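Worksheet: one structure, shown below.
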């Protein structure tokens, strides 16, 4: 994995830039994980736009929060809209929870890849805050 240029000085800004650059791969990996799960039968009935639905907007909110922008996050409403579409498409709660689990796993895999790249390349002190933030994310994954 190649880490994009990390120009923002704050670790949150660096992470936001990385996630923005990796968004297409993150969404593709999430969809692949869902499609290969035999218990998620409803996924195959969704178009690409229906599948991603509100998730890109939720990722925008995450990016804004990481960059400490003042915009008011409406993530609760976005998540509710996402769940409502799934319900209209015949999802059961277990499928929605499994889908969100795969999104979480895709996000953690991207963060783990960035951490490995930073450590492998022994990046400068400028990235020590980002490395610390990523280590916290990885330790949360193993709880």
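Each peptide in 15-22, 85-92 was scored by the mean count of other Cβ atoms within 10 Å over its residues; highest first, the order is 15-22, 85-92. Of the residues 42, 47, the one with the fewest other Cβ atoms within 10 Å heads the list, and the complete ranking is 47, 42.
Sorted from fewest to most neighbouring beta carbons within 10 Å, what does the list 55, 43 look like?
55, 43
Readers should treat all values here as calculations from the given coordinates under stated rules, not as data from a laboratory. These numbers come from a predicted model, not from an experiment. Ideal geometry is used to build each Cβ from the backbone, glycine not excepted, and the neighbour counts take in all protein chains shown.
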